[in-house]
Each structure stands twice: as C-alpha cells, then as structure tokens.
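Structure record follows, encoded as structure tokens.
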Amino acid sequence: MPRGTLELPEDIARDLTARLGATTEADTSRGMFFLGVLDAVRFLGGEEAVARVLDQADEKADYVPTQPYPFPRFLRLSYAAAWQLAPQVGDFDSAMRQIGTQAMLDFLHSMFAREVVQQAGGDPKRLMELMQAGYRMALNFGERTVEWTSATSGRITMTRTLMPVPYTEGILRAALEVTGVHDVQVQGRSLALVEAVYDIAWS
C-alpha cells in the first residue's frame with residue numbers, strides 16, 4: 001500500500017495478506033530480526049506485551065540469531081508487534097519504523113555486518129554500498145541498488161522488498177545515524193507492493 005495508508009485495521013490486514021501472497025516459505029530471514037521485533041516490543045511494553053504478540057502470531061521466542069526462518073512468519077510477527085505498539089508511538093507506520101530501527105541496530109551488531117561496519121569506517125556512503133551485500137547474508141531475497149545524487153544524498157531502489165515502506169525507513173535511518181552524521185532524512189515511496197524507492201540525505 002502507498003505510504004501513510006495503513007491506518008485502519010482492515011487496511012493493515014489487507015496489506016499483510018497481500019504481502020503474504022507475495023512471499024513463500026523459501027524466502028528467509030535470520031532469527032536476529034525476529035528477536036529485534038521482540039526487543040522493540042519489550043522496550044516499550046514489557047514482557048506482557050511480548051507474550052501477547054507471540055500469542056497473536058502463534059510464535060515462540062526460541063529464535064536462534066543466525067538461523068534462517070521462513071519470511072511469512074516474520075511478516076506475521078512484525079504486523080502483530082506494530083499493531084501492539086501503535087497506540088504508544090502514534091500510529092502503525094511509526095511502530096513499523098521503530099521495529100525497522102531495532103532490526104538494523106541488531107544487524108549492525110551481528111556477525112553478518114561486523115566486517116561491513118569496519119570497512120565503512122564511519123563513511124555513510126560506503127556503509128550504504130557495503131550494506132547491500134551484507135544484508136544479502138541475512139535475507140535471501142530482494143535486490144537493492146544505490147544511486148548517489150550528491151556528496152550527502154542518494155536514492156536507494158529496492159525490488160521484491162516484502163516489508164512496508166515505514167519499516168525500511170527505520171532501517172535506513174538507523175544505518176545512517178550509526179555513522180555519526182546529522183540531520184538524517186529518509187523518505188520512502190512505494191512503486192508497487194514489493195518495490196519502493198528511498199531518498200536519503202544527511203549533513
């Protein structure tokens with residue numbers, strides 16, 4: 001769905017159903033992202049909120065960070081978590097951004113990204129370029145390309161990106177902020193259900 005339309009319960013349910021229809025059990029995500037969803041819920045709502053999310057998504061908190069799990073399970077868990085967090089952070093989109101931020105922080109501190117972060121050396125452009133390959137180790141689907149429009153801005157195009165725009169906005173913002181840059185701006189726009197572009201800038 002286009003940015004900013006996930007406001008009503010029926011819209012959220014329809015969007016999740018569409019995304020589940022676009023993925024298969026062969027699409028996988030590492031357990032660290034599942035744990036990141038639960039960390040975001042735990043931070044704002046405590047263990048009771050985590051238990052509610054797990055129950056709603058029919059999941060158990062026994063994820064192994066490096067193990068791949070079917071992506072449809074991640075979609076259901078993330079949507080249940082965002083629904084749980086929405087009243088506390090403002091709306092569903094804001095909750096998805098929060099979950100995306102936690103996902104990127106967990107990824108950047110994982111074994112998959114450790115070398116990527118070191119190679120980037122605090123350079124946001126270098127990190128964005130390296131992250132596309134590093135991210136592939138954590139997700140086995142999707143394509144991401146980076147085009148630089150100035151020394152401090154660029155556009156990232158993602159195809160077969162199965163999460164909604166706000167989630168990826170949270171991911172990109174967290175990745176840029178970890179390099180120490182200021183005035184980070186991330187603006188995403190859906191081109192299709194599983195295709196989007198993100199304009200990024202910083203100072």
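The values are calculated or read from the model by the stated rules, or taken from the named source; none is laboratory data. Quantities reported herein were computed from a predicted structural model and do not represent experimental measurements. Neighbour counts are summed over all protein chains in view; Cβ atoms, including those assigned to glycine, are modelled from backbone coordinates with ideal geometry.
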The correct count of residues that are closer than 17 Å to Thr161 by Cα, at pLDDT below 95 and small (Gly, Ala, Ser) in segment 2-27 is 0
Scan segment 127-140 for residues that are within 15 Å of the chain's Cα centre (by Cα) and buried (at least 18 other Cβ atoms within 10 Å of the Cβ) and jot them down.
Met128, Met131, Gly134, Tyr135, Ala138, Leu139
Regarding segment 88-98, can at least one residue be identified that is among the hydroxyl-bearing types (Ser, Thr, Tyr), surrounded by fewer than 21 Cβ atoms within 10 Å (Cβ to Cβ) and either within 12 Å of Phe33 (Cα to Cα) or touching a His at 6+ places or on another chain (Cβ under 9 Å) (or both)?
no
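Per-residue answers, yes or no, for (1) without any contact (Cβ under 8 Å) to a residue 40 or more places away in the chain; (2) closer than 17 Å to Leu75 by Cα:
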| position | (1), (2) |
| --- | --- |
| Glu115 | yes, no |
| Ala138 | no, yes |
| Thr152 | no, no |
| Arg173 | no, no |
| Val178 | no, no |
| Asp183 | yes, no |
| Ser190 | no, no |
| Ile200 | no, no |
In segment 113-126, which residues are crowded, with 18+ Cβ neighbours inside 10 Å and closer than 14 Å to Met32 by Cβ?
Ala113
Mind listing just one residue for me: the one in segment 9-43 that is exposed (fewer than 13 other Cβ atoms within 10 Å of the Cβ) and of a type in the set (Ser, Thr, Tyr) and, of those, farthest from Val64 (Cα to Cα)?
Thr17
Quickly run through segment 142-194 and pick out the residues that are small (Gly, Ala, Ser) and more than 19 Å from Arg126 (Cβ to Cβ).
Gly142, Gly170, Gly188, Ser190, Ala192
Assuming Lys60 fulfils every condition listed in (1) surrounded by fewer than 17 Cβ atoms within 10 Å (Cβ to Cβ); (2) in contact (Cβ under 8 Å) with a residue 24 or more places away in the chain; (3) among the basic types (Lys, Arg) apart from one, which condition is it?
(2)
With (1) at pLDDT below 95; (2) more than 26 Å from Gln185 (Cα to Cα); (3) surrounded by fewer than 23 Cβ atoms within 10 Å (Cβ to Cβ); (4) of a type in the set (D, E, K, R) as the list, and Arg73 as the residue in question, which single condition is left unmet?
(1)
In the set Ser150, Ser203, Ser190, which member is more than 23 Å from Pro68 (Cα to Cα), in contact with a His (Cβ under 8 Å, 6 or more places away or on another chain), surrounded by fewer than 21 Cβ atoms within 10 Å (Cβ to Cβ) and of a type in the set (Gly, Ala, Ser)?
Ser203
